[in-house]
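I have a structure I would like to understand better, so I am pasting it below and will then ask my questions one at a time.
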Amino acid sequence: MAGPVEGLRKILALEQKKKYSNTAIVGGLDAYLLRFAQESGLGVSHPFSQVLQALPPGGYRALHPVQRRRVVQELLRALEDGLPEPQEPPPAARPRLTIVPRSPEPPPPVRPPDKIVGTLDSPVSVLPAVTRTTEARLAKLGLRTVLDVLFHFPLRYHDYSEVRPIARMSVGEEQTVIGDVWSLSVGGISRYRKGTEAIIGDETGTMRVVWWGQTYVARRLRQGMRVALSGKVTAFRGRLQLENPEIEPLDDESLHTRRLVPVYPSTEGLFQRPLRGIVRAAVDNFTAKLEDALPEEMRGRLGLPAVQEALRQAHLPDSQEQADAARRRFAFEELLYIEIGVVRRRQEWQVAGGAPGLTLPPLVRAGFVESLPFTLTNAQRRAIDAVLADIGREVPMSRLLEGDVGSGKTVVAAAALLAAVISGYQGAIMAPTEILAEQHFRTFTRLLDPRAEDAGVDGLWVQEAGPGYVALQPGYLDRPVRVALLTGSLKASEKSAAQEAIARGEVDIAVGTHALVQEAVEFQRLGMAVVDEQHRFGVVQRAALREKGDSPHILVMTATPIPRTLALTVYGDLDITVLDEMPPGRPEVKTWRVNSQDRERAFKAVRRRIAEGRQAYVICPLVEESEAVAAKAAVQEYERLRQEVFPDLRLGLLHGRMTPGEKDATMRRFRDGELDILVSTAVVEVGIDVANATVMLIEGADRFGLAQLHQFRGRVRRSSQQAYCFLLSDNPSPEAQERLEIMERVNDGFELAEEDLRLRGPGEYFGTRQSGLPDLKVAKLTDVDLIVLARDEATRLLADDPELRSPAHAALQEQVKRLWGRIAAEVS
């Protein structure tokens, strides 16, 4: 017995030296003394045991240092003569100082839900604890009705389901402990900070619990109270402690501890604890009033829980598996609503028929191809074949043409529009920006008559293609092709004249911005419509352009590669053709990240290329506030570069606030080699093709998405010369550097698109509102399998019940109508 006794004497001596601070041993003296007494086989009558039994419920830890001093002295006196074996009954019958383990904690009582009178559309104020202030905070989250609250899903869960004794708790993990409050103090718990401090004990030890800045917590606790605490365990001076844990008395049903605890999207002043209570009240009182939109047959076949059970498991899960099953059900449901709308649009569009059969006679096609100043790639030939095959039928074409910058989408569109003109119909092409519309205006004029002079656009809204090869094909067209430009910045008289000419059929091809889909624009005989840079327009805007004619054919184009999941949702009403081949002899752009320390090296590299006779772009950092602020920032950057960095070179400036004439003049000067460097905002993303420009420097590159950076980079891949792109960034964050590292490594636009969607989500990928994609509460556009399942189920449903008129589909039809009505309102 000498060994353990000597060890205990040393610990008690150390406690004296530490002025009775209860720090002589990690975890405090209480658990150690109890364990010593138990392992030594001391009877309850032994003086050592009697000292321990005289301690208060809080144990040694709950005593004042003066009281602890007396306890230590009494324990040392009990050890003075060692620990002789007491004359007690045999070991089997000998009473011992034992720690009687508590029986397992009974399950918390299930309280009957408070009865609340209301409906799913009742305001959130009918829920308990929702004051006017709370109601205003909930409104900031878009939560105005009970139904909104029910579908306010958690971002994640804290796993507090595992209850551990104090002796088995681990630093850095989220855990739950059940114990008694030994002591409680409020006020200054460190030199600079106030809060609440408690000592919690169970049968295995004690630990410190701190609520920083939360003095009100003390009102919910009292000494001797048995509580559950859940949170992350930390270490303080070698001892375990809990910081800011959730608390629940054991006589309450578990909501904040002892389970998977939901963490919700919130806003300033709205804390998780009351928010959980509000959601819980909604779940308890209103889930039974919900009608399940998913047919019972479908739920059974796919193994999906009913809406009532799924909502309860989403907010109050019994396990992670149950939470995952609930989230999968609601994710599928969201995607199903989208897919029903998309598949239905596609079927209605194709079943309607009535599209004009457009043809491009072989002789005319051969003349068009031979007149081009370049040779078509095999991908371009395949795309033209596919498009001409589609528009030759009376089923309206609805096709997406995607390909990197420079892959040659415009010539495919020109062939389709020419087929419309030759067949006696009008064509239209809609671009997202005026600068791109103006570029198309020039390009189509040039493509339809290679001998025509390159025309500006200022003050000129219609251009005849001239007596080119088309006029040389007797019996097909005996006049020049007439191309008109219609944009929002045209003078009122020019706009009116263009609209009237289009309505009278005096315009063959109308080129414009969203002004083309305004009510005032009417086509006499629209047969072919092209939408460029599809990611700037949504499903509803495509439909608006279709309505300008009697079932015209639609070709949409984008240089932003579309991830497969988006092709199945936002673009699900389209067939897809990919231009996966660049014109021969164009090397990949060499790309480098450049930090602030190496900025001068990047500027020198630009100078070297210009000295070799090349030209350069400098892209200004992205400014979110407005086009006016972006223009001002671009002017400042232009002046800095012109005066401080490249004072001896010729610089030009391009930004969105310039007039069409100013933009055209600047682009013409750059194209004609009169400028060495073009300083530009993001408007350069589309519409500028200068083969001699082989170097690009992008300031603040981390502010742009990968897809947009790839489009910028494509502007310098227009010739057989090696091109270079420098990504300047002062942002050292790992996220920013990861994205720029991907740009360095990857040149494939489709791989970049998948990465961009993964990193930023669909909203930032191309603007949720513009895309016509609704906000997704649960579903992720990276879940290909679930999207494919939703698409298959939508197709199956509509095949059996095209109008969803079956009583079993009534609730589903109502949800689909609500979703697509909201999309139409948001993007129209």
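Here is a list: 210, 186. Which entry is modelled with pLDDT of 85 or more, more than 30 Å from the chain's Cα centre (by Cα) and not in a loop (DSSP other than H, G, I, E, B)?
210
Could you list, in sequence order, the residues of region 373-393 that are surrounded by 13 or more Cβ atoms within 10 Å (Cβ to Cβ), more than 30 Å from residue 795 (Cβ to Cβ) and either in contact (Cβ under 8 Å) with a residue 40 or more places away in the chain or among the acidic types (Asp, Glu) (or both)?
377, 380
Filter region 127-141 for residues that are open to solvent by 50 Å² or more (accessible area, probe 1.4 Å) and in a helix (DSSP H, G or I); which is nearest to residue 269 (Cα to Cα)?
So, considering only residues that are open to solvent by 50 Å² or more (accessible area, probe 1.4 Å) and in a helix (DSSP H, G or I), the one nearest to residue 269 (Cα to Cα) is 137.
Looking at region 167-177, is at least one residue open to solvent by 10 Å² or more (accessible area, probe 1.4 Å), touching a helix residue (DSSP H, G or I) at 6+ places or on another chain (Cβ under 8 Å) and either part of a loop (DSSP other than H, G, I, E, B) or not charged (D, E, K, R) (or both)?
Looking through region 167-177, at least one residue is open to solvent by 10 Å² or more (accessible area, probe 1.4 Å), touching a helix residue (DSSP H, G or I) at 6+ places or on another chain (Cβ under 8 Å) and either part of a loop (DSSP other than H, G, I, E, B) or not charged (D, E, K, R) (or both).
Could you list all residues from region 590-635 that are at pLDDT below 80, open to solvent by less than 50 Å² (accessible area, probe 1.4 Å) and part of a helix (DSSP H, G or I)?
628, 630, 631
Listed residues 515, 497; which is free of Cβ contacts under 8 Å to residues at least 40 places away in the same chain and open to solvent by 10 Å² or more (accessible area, probe 1.4 Å)?
The unique qualifying residue is 497.
Looking only at residues in region 231-265 that are at pLDDT 75 or above, of a type in the set (A, V, I, L, M) and open to solvent by less than 40 Å² (accessible area, probe 1.4 Å), which one is farthest from residue 778 (Cα to Cα)?
Step by step, filter region 231-265, then rank; the result is 242.
In region 276-300, what residues are closer than 22 Å to residue 814 by Cβ and open to solvent by 10 Å² or more (accessible area, probe 1.4 Å)?
287, 288, 289, 290, 291, 292, 295, 296, 297, 299, 300, listed by residue number.
Show me the strands (runs of 3 or more DSSP E) entirely contained within region 410-491 in which 2 or more residues are at pLDDT below 90.
Here the list reads 462-464, 482-486.
Let me spell it out: the conditions are (1) modelled with pLDDT under 80; (2) among the acidic types (Asp, Glu); (3) crowded, with 24+ Cβ neighbours inside 10 Å, and residue 532 meets all of them except one. Which number is the exception?
If we test residue 532 against (1) modelled with pLDDT under 80; (2) among the acidic types (Asp, Glu); (3) crowded, with 24+ Cβ neighbours inside 10 Å, just (1) comes out false.
Residue check: is residue 191 at pLDDT 80 or above, surrounded by fewer than 18 Cβ atoms within 10 Å (Cβ to Cβ) and over 21 Å from residue 166 (Cα atoms)?
no
Here's a follow-up. Looking only at region 636-670, how many residues end up being within 36 Å of the chain's Cα centre (by Cα), open to solvent by 50 Å² or more (accessible area, probe 1.4 Å) and modelled with pLDDT under 90?
3
Same structure, new question: Could you tell me whether region 684-700 includes any residue that is of a type in the set (S, T, N, Q), within 24 Å of the chain's Cα centre (by Cα), open to solvent by 40 Å² or more (accessible area, probe 1.4 Å) and at pLDDT 85 or above?
No: zero hits.
Mind listing whichever residues of region 349-365 are more than 19 Å from residue 400 (Cα to Cα), open to solvent by less than 40 Å² (accessible area, probe 1.4 Å) and assigned to a helix (DSSP H, G or I)?
364
Is it the case that residue 161 is in a loop (DSSP other than H, G, I, E, B), in contact with a Ser or Thr (Cβ under 8 Å, 6 or more places away or on another chain) and hydroxyl-bearing (Ser, Thr, Tyr)?
When the stated conditions are applied, residue 161 passes them.
The values are calculated or read from the model by the stated rules, or taken from the named source; none is laboratory data. If you're wondering where the values come from, they're calculated on a predicted model, not measured in any experiment. Cβ sites come from the backbone with ideal geometry, for glycine too, and all protein chains shown count toward neighbours. To get the accessible areas, we keep the full protein, side chains included, count just its heavy atoms, and leave off ligands, DNA and RNA. Shrake-Rupley method; radii C 1.70, N 1.55, O 1.52, S 1.80 Å.
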